[in-house]
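The values are calculated or read from the model by the stated rules, or taken from the named source; none is laboratory data. It should be emphasised that the depicted structure is a prediction, and the values quoted were computed from it without experimental measurement. As a convention, Cβ positions derive from the backbone with ideal geometry for all residues, glycine included, and neighbour counts pool all protein chains shown. Each accessible area value is taken on the protein alone, full model and side chains, heavy atoms only, with ligands, DNA and RNA left out. Shrake-Rupley method; radii C 1.70, N 1.55, O 1.52, S 1.80 Å.
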Amino acid sequence: LASLGQLTAGVAHEINNPINFVASNVKPLQRDIEEMVQILDGLRDLQPDDPDLVPALERLHKLREELACDFLVDEVRQLLTGIDEGATRTIEIVKGLRTFSRADEDDLKVVDIHEALDSTLLLLRNQYKDHVEIVREYHADPELKCYPGQLNQVFMNLLSNAVQAIEGDGIVTLVTRNDGDSLAIHVRDTGCGIAEKHRAHLFEPFFTTKEVGDGTGLGLSICYGIVQRHGGMIDFETEVGKGTEFILRLPRKAPSDNPHAIR
(Lines give C-alpha, C1' and ligand atoms only; values in the text may rest on other atoms or scores of the structure.)
Protein backbone atom coordinates (compact mmCIF):
# COMPACT_ATOMS: atom_id res chain seq x y z
CA LEU A 1 0.00 0.00 0.00
CA ALA A 2 2.91 2.33 0.75
CA SER A 3 4.38 1.64 -2.69
CA LEU A 4 0.97 2.15 -4.29
CA GLY A 5 0.58 5.51 -2.58
CA GLN A 6 4.04 6.57 -3.70
CA LEU A 7 3.33 5.38 -7.23
CA THR A 8 -0.01 7.20 -7.36
CA ALA A 9 1.55 10.46 -6.20
CA GLY A 10 4.32 10.13 -8.76
CA VAL A 11 1.94 9.37 -11.63
CA ALA A 12 -0.33 12.27 -10.62
CA HIS A 13 2.65 14.63 -10.69
CA GLU A 14 3.96 13.27 -13.99
CA ILE A 15 0.62 13.43 -15.76
CA ASN A 16 -0.07 16.89 -14.33
CA ASN A 17 2.96 18.39 -16.08
CA PRO A 18 1.96 17.65 -19.71
CA ILE A 19 -1.70 18.39 -18.99
CA ASN A 20 -0.76 21.81 -17.59
CA PHE A 21 1.42 22.39 -20.63
CA VAL A 22 -1.51 21.66 -22.92
CA ALA A 23 -3.87 23.82 -20.85
CA SER A 24 -1.46 26.78 -20.76
CA ASN A 25 -1.14 26.69 -24.57
CA VAL A 26 -4.88 26.67 -25.28
CA LYS A 27 -5.71 30.29 -24.36
CA PRO A 28 -2.90 31.93 -26.37
CA LEU A 29 -3.81 29.62 -29.26
CA GLN A 30 -7.43 30.76 -29.06
CA ARG A 31 -6.30 34.40 -29.02
CA ASP A 32 -4.05 33.92 -32.05
CA ILE A 33 -6.78 32.13 -34.00
CA GLU A 34 -9.33 34.87 -33.21
CA GLU A 35 -6.93 37.50 -34.55
CA MET A 36 -6.25 35.47 -37.69
CA VAL A 37 -10.02 35.02 -38.15
CA GLN A 38 -10.34 38.82 -38.37
CA ILE A 39 -8.18 38.73 -41.50
CA LEU A 40 -10.05 35.73 -42.90
CA ASP A 41 -13.40 37.48 -42.31
CA GLY A 42 -12.11 40.51 -44.19
CA LEU A 43 -11.03 38.34 -47.10
CA ARG A 44 -14.38 36.56 -47.13
CA ASP A 45 -16.25 39.84 -47.50
CA LEU A 46 -14.22 40.98 -50.53
CA GLN A 47 -15.95 40.86 -53.90
CA PRO A 48 -14.06 41.13 -57.23
CA ASP A 49 -16.49 43.79 -58.53
CA ASP A 50 -16.48 45.85 -55.31
CA PRO A 51 -15.67 49.50 -56.19
CA ASP A 52 -14.00 49.82 -52.78
CA LEU A 53 -11.76 46.79 -53.36
CA VAL A 54 -8.48 48.71 -53.21
CA PRO A 55 -9.30 50.57 -49.94
CA ALA A 56 -10.54 47.27 -48.44
CA LEU A 57 -7.30 45.52 -49.38
CA GLU A 58 -5.34 48.39 -47.87
CA ARG A 59 -7.30 48.03 -44.63
CA LEU A 60 -6.61 44.30 -44.57
CA HIS A 61 -2.92 44.90 -45.24
CA LYS A 62 -2.80 47.38 -42.37
CA LEU A 63 -4.62 44.92 -40.08
CA ARG A 64 -2.17 42.22 -41.10
CA GLU A 65 0.72 44.45 -40.06
CA GLU A 66 -0.97 45.44 -36.77
CA LEU A 67 -1.56 41.81 -35.86
CA ALA A 68 1.96 40.77 -36.97
CA CYS A 69 0.46 37.95 -39.00
CA ASP A 70 3.77 36.24 -39.77
CA PHE A 71 4.51 36.09 -36.04
CA LEU A 72 1.01 34.77 -35.37
CA VAL A 73 1.50 31.90 -37.81
CA ASP A 74 4.83 30.94 -36.20
CA GLU A 75 3.35 31.15 -32.70
CA VAL A 76 0.35 29.00 -33.65
CA ARG A 77 2.71 26.34 -34.99
CA GLN A 78 4.78 26.44 -31.79
CA LEU A 79 1.69 26.23 -29.59
CA LEU A 80 0.33 23.28 -31.58
CA THR A 81 3.70 21.54 -31.29
CA GLY A 82 3.60 22.03 -27.52
CA ILE A 83 0.08 20.67 -27.29
CA ASP A 84 1.07 17.67 -29.40
CA GLU A 85 4.08 16.99 -27.15
CA GLY A 86 1.95 17.27 -24.03
CA ALA A 87 -0.69 14.94 -25.44
CA THR A 88 1.95 12.43 -26.56
CA ARG A 89 3.59 12.53 -23.12
CA THR A 90 0.22 11.91 -21.45
CA ILE A 91 -0.48 8.96 -23.76
CA GLU A 92 2.94 7.48 -22.89
CA ILE A 93 2.25 7.77 -19.17
CA VAL A 94 -1.19 6.17 -19.47
CA LYS A 95 0.26 3.39 -21.64
CA GLY A 96 3.00 2.82 -19.09
CA LEU A 97 0.46 2.65 -16.29
CA ARG A 98 -1.66 0.15 -18.22
CA THR A 99 1.41 -1.99 -18.93
CA PHE A 100 2.48 -1.87 -15.30
CA SER A 101 -0.89 -2.50 -13.67
CA ARG A 102 -1.83 -5.62 -15.61
CA ALA A 103 -5.16 -7.05 -14.51
CA ASP A 104 -4.03 -10.53 -15.55
CA GLU A 105 -1.26 -10.88 -12.98
CA ASP A 106 -2.54 -14.28 -11.89
CA ASP A 107 -2.36 -15.64 -15.43
CA LEU A 108 0.77 -16.75 -17.22
CA LYS A 109 1.45 -14.60 -20.23
CA VAL A 110 4.32 -13.99 -22.64
CA VAL A 111 5.50 -10.40 -22.18
CA ASP A 112 8.33 -8.16 -23.30
CA ILE A 113 10.51 -7.69 -20.20
CA HIS A 114 12.16 -4.60 -21.69
CA GLU A 115 8.75 -3.01 -22.15
CA ALA A 116 7.86 -3.87 -18.55
CA LEU A 117 11.08 -2.29 -17.25
CA ASP A 118 10.54 0.83 -19.35
CA SER A 119 6.95 1.24 -18.18
CA THR A 120 8.10 1.01 -14.55
CA LEU A 121 10.79 3.63 -15.17
CA LEU A 122 8.20 5.86 -16.76
CA LEU A 123 6.00 5.71 -13.68
CA LEU A 124 8.96 6.36 -11.37
CA ARG A 125 10.31 9.25 -13.45
CA ASN A 126 9.24 11.87 -10.93
CA GLN A 127 11.53 10.27 -8.33
CA TYR A 128 14.72 10.29 -10.40
CA LYS A 129 14.45 12.78 -13.28
CA ASP A 130 16.40 15.59 -11.57
CA HIS A 131 19.37 13.68 -10.19
CA VAL A 132 19.61 10.10 -11.45
CA GLU A 133 20.71 9.03 -14.93
CA ILE A 134 19.14 5.83 -16.23
CA VAL A 135 21.37 3.63 -18.40
CA ARG A 136 19.78 0.78 -20.32
CA GLU A 137 21.89 -2.10 -21.59
CA TYR A 138 19.34 -4.49 -23.03
CA HIS A 139 20.98 -7.52 -24.62
CA ALA A 140 18.56 -10.35 -23.85
CA ASP A 141 15.77 -11.90 -25.84
CA PRO A 142 13.04 -10.00 -23.91
CA GLU A 143 10.12 -12.41 -24.30
CA LEU A 144 9.34 -14.35 -21.14
CA LYS A 145 6.32 -16.37 -20.04
CA CYS A 146 5.56 -15.15 -16.54
CA TYR A 147 3.06 -13.56 -14.17
CA PRO A 148 3.52 -10.02 -15.52
CA GLY A 149 1.73 -8.09 -12.79
CA GLN A 150 3.84 -9.75 -10.13
CA LEU A 151 7.13 -9.20 -11.96
CA ASN A 152 6.20 -5.54 -12.36
CA GLN A 153 5.98 -5.36 -8.56
CA VAL A 154 9.53 -6.71 -8.39
CA PHE A 155 10.80 -4.16 -10.90
CA MET A 156 9.00 -1.34 -9.07
CA ASN A 157 10.54 -2.29 -5.72
CA LEU A 158 14.07 -2.79 -7.02
CA LEU A 159 14.11 0.38 -9.13
CA SER A 160 12.52 2.47 -6.41
CA ASN A 161 15.07 1.22 -3.87
CA ALA A 162 17.91 1.89 -6.31
CA VAL A 163 16.80 5.49 -6.82
CA GLN A 164 16.25 6.08 -3.10
CA ALA A 165 19.73 4.73 -2.30
CA ILE A 166 21.30 7.58 -4.28
CA GLU A 167 21.88 10.88 -2.49
CA GLY A 168 22.64 13.64 -4.95
CA ASP A 169 23.53 12.73 -8.51
CA GLY A 170 24.00 9.10 -9.51
CA ILE A 171 23.37 6.38 -12.05
CA VAL A 172 21.00 3.42 -12.17
CA THR A 173 21.97 0.85 -14.78
CA LEU A 174 19.63 -1.82 -16.12
CA VAL A 175 21.23 -4.79 -17.83
CA THR A 176 19.47 -7.77 -19.40
CA ARG A 177 21.22 -10.75 -20.92
CA ASN A 178 20.61 -14.32 -21.89
CA ASP A 179 21.99 -16.66 -19.22
CA GLY A 180 21.69 -20.24 -20.46
CA ASP A 181 18.06 -21.26 -20.02
CA SER A 182 17.35 -18.13 -18.00
CA LEU A 183 16.94 -14.41 -18.52
CA ALA A 184 19.16 -12.35 -16.23
CA ILE A 185 18.19 -8.85 -15.12
CA HIS A 186 20.68 -6.63 -13.28
CA VAL A 187 19.62 -3.48 -11.41
CA ARG A 188 22.74 -1.54 -10.41
CA ASP A 189 22.93 1.76 -8.54
CA THR A 190 25.72 4.08 -7.44
CA GLY A 191 24.11 4.64 -4.05
CA CYS A 192 25.17 4.22 -0.46
CA GLY A 193 25.48 0.42 -0.47
CA ILE A 194 24.28 -1.95 2.25
CA ALA A 195 26.07 -2.31 5.56
CA GLU A 196 27.41 -5.80 6.28
CA LYS A 197 25.27 -6.19 9.42
CA HIS A 198 22.09 -5.79 7.32
CA ARG A 199 22.90 -8.10 4.42
CA ALA A 200 21.79 -11.39 5.98
CA HIS A 201 18.38 -9.91 6.84
CA LEU A 202 17.66 -8.16 3.56
CA PHE A 203 14.90 -10.51 2.36
CA GLU A 204 13.29 -10.99 5.78
CA PRO A 205 9.73 -9.68 6.15
CA PHE A 206 9.47 -6.30 7.92
CA PHE A 207 13.23 -5.73 7.92
CA THR A 208 14.10 -2.22 6.73
CA THR A 209 16.98 0.21 7.06
CA LYS A 210 14.72 3.19 6.35
CA GLU A 211 13.35 5.61 8.91
CA VAL A 212 10.08 4.77 10.64
CA GLY A 213 7.25 5.65 8.29
CA ASP A 214 9.46 5.56 5.18
CA GLY A 215 9.35 1.82 4.55
CA THR A 216 7.42 -1.29 5.54
CA GLY A 217 10.25 -3.79 5.18
CA LEU A 218 8.08 -5.92 2.90
CA GLY A 219 9.34 -4.87 -0.52
CA LEU A 220 12.32 -7.19 -0.89
CA SER A 221 10.54 -10.01 0.93
CA ILE A 222 7.71 -9.79 -1.61
CA CYS A 223 10.27 -9.67 -4.44
CA TYR A 224 11.92 -12.81 -3.11
CA GLY A 225 8.60 -14.68 -2.97
CA ILE A 226 7.59 -13.63 -6.48
CA VAL A 227 10.93 -14.65 -7.98
CA GLN A 228 10.67 -18.00 -6.19
CA ARG A 229 7.18 -18.48 -7.59
CA HIS A 230 8.73 -18.15 -11.03
CA GLY A 231 11.36 -20.75 -10.14
CA GLY A 232 14.05 -18.08 -10.33
CA MET A 233 16.73 -16.63 -8.08
CA ILE A 234 17.44 -13.18 -6.69
CA ASP A 235 20.81 -12.17 -5.28
CA PHE A 236 22.79 -9.00 -4.72
CA GLU A 237 26.29 -7.58 -4.56
CA THR A 238 27.02 -4.45 -2.60
CA GLU A 239 29.82 -2.22 -1.40
CA VAL A 240 29.30 0.53 1.15
CA GLY A 241 29.76 3.93 -0.41
CA LYS A 242 29.84 2.59 -3.97
CA GLY A 243 26.47 1.00 -4.62
CA THR A 244 24.43 -2.16 -4.92
CA GLU A 245 23.49 -4.52 -7.72
CA PHE A 246 20.51 -6.86 -7.61
CA ILE A 247 20.53 -9.80 -10.00
CA LEU A 248 17.40 -11.65 -11.06
CA ARG A 249 17.59 -14.94 -12.93
CA LEU A 250 14.26 -16.03 -14.36
CA PRO A 251 13.96 -19.39 -16.14
CA ARG A 252 12.67 -19.40 -19.69
CA LYS A 253 10.54 -22.40 -18.78
CA ALA A 254 7.12 -21.24 -17.65
CA PRO A 255 6.47 -21.53 -13.87
CA SER A 256 3.65 -24.05 -14.48
CA ASP A 257 6.19 -26.31 -16.23
CA ASN A 258 9.02 -25.63 -13.79
CA PRO A 259 9.40 -28.19 -10.98
CA HIS A 260 11.34 -25.64 -8.89
CA ALA A 261 8.63 -22.99 -9.03
CA ILE A 262 6.56 -22.41 -5.92
CA ARG A 263 2.81 -22.60 -6.52
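Return the FRET efficiency for the residue pair Leu67, Ala23: r is the Cβ-Cβ distance, R0 is 30 Å, and the value is rounded to the nearest 0.05.
0.80
Using 1/(1 + (r/R0)^6) with R0 = 25 angstrom and r between the beta carbons of Met233 and Ile171, what's the FRET efficiency to the nearest 0.05?
Working: r = 25 Å, r/R0 = 0.99.
Given R0 = 25 Å and the Cβ-Cβ separation, E is 0.50.
Skip the ligands, DNA and RNA, and give the accessible area per residue of segment 35-193 with a 1.4 Å probe, whole Å².
Working: 8660 Å² over 159 residues.
Dividing the accessible area of segment 35-193 by its residue count gives 54 Å².
Give me the distance in nm between label points sitting 7 Å out from Cα along the Cα-to-Cβ direction at Lys242 and Lys109, one decimal.
4.1
Rounded, prolate or oblate, given the Cα gyration tensor of segment 19-158, with a/c below 1.5 counting as rounded?
Details: a/c = 4.63, a/b = 3.49, b/c = 1.33.
Cα axes put segment 19-158 in the prolate bin.
Amide H of Asp179 versus every other amide H placed in the peptide plane: which residues, excluding those fewer than 5 positions away on the same chain, fall under 5 Å?
Amide H neighbours of Asp179, under 5 Å, 5+ apart: Ala184.
Evaluate the distance, in nm, between pseudo-label points positioned 7 Å from the Cα of His186 and of Glu85 along their respective Cα→Cβ axes.
3.5
Determine the sum of side-chain charges near Glu196: Lys and Arg each +1, Asp and Glu each -1, restricted to other residues whose C-beta is under 14 angstrom from that of Glu196.
+1
If I model a spin label as a point 7 Å beyond the Cα along the Cα-Cβ vector, how far apart are those points for Glu75 and His198 in nm?
So the two model labels end up 5.4 nm from each other.
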